[in-house]
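Asker: So that we are looking at the same thing, I have put the structure below in structure tokens.
Please treat every number below as a calculation from the coordinates, not as lab data. All of these numbers come straight from a predicted model, not from anything done at the bench. Reconstructed Cβ throughout: ideal geometry from the backbone, glycine too, with neighbour counts over all protein chains shown.
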């Protein structure tokens, strides 16, 4: 009985996940709001507009797949339990990894270091 409840909790959690991802894609594409593009430590990169199409596609595909899973399970009852959990879980992780990779690409890899004043390269 407890697995049945966890399945429903996971299924119900797909609603807000799909909503937020599709809302993010909407904001990027139609409203041209780049404040949530490729975030790292809560801040977008300096050239967020350059990475906006990639972030929009990542969110759009993830949201559409989640809505498709919800419709297939709740309306058509076309997917078995293992199938919809596999599709939804894989989509969730792939979207998270893709957004993480995009944010690291947008902000550059590694920490930014400042040049020290008076270093040997400055004296030459």
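Asker: Mind computing the radius of gyration and Dmax over the alpha-carbon atoms of the chain? Å is fine for both.
Answerer: Every Cα atom of the chain included, Rg and Dmax give 20.0, 75 Å.
Asker: If you stretched the chain out fully between residue 4 and residue 100, how much longer would it get, using 0.36 nm times the residue separation minus the C-alpha to C-alpha distance? Show your work: numbers first, answer last.
Answerer: Numbers: separation 96, 0.36 × 96 = 34.56 nm, distance 3.18 nm.
Gain on stretching residue 4 to residue 100: 31.4 nm.
Asker: Right, something else. Once R0 is set to 25 Å, what does the formula 1/(1 + (r/R0)^6) return for the Cβ-Cβ distance between residue 75 and residue 109, expressed as a FRET efficiency to the nearest 0.05? Don't skip to the answer; put the middle values down first.
Answerer: Working: r = 44 Å, r/R0 = 1.75.
Step by step, r from the Cβ atoms, then E = 0.05.
Asker: Right, something else. In a GNM of the chain with a 10 Å cut-off on Cα contacts, which of 40, 31, 95 has the highest mean-square fluctuation?
Answerer: It is 31.
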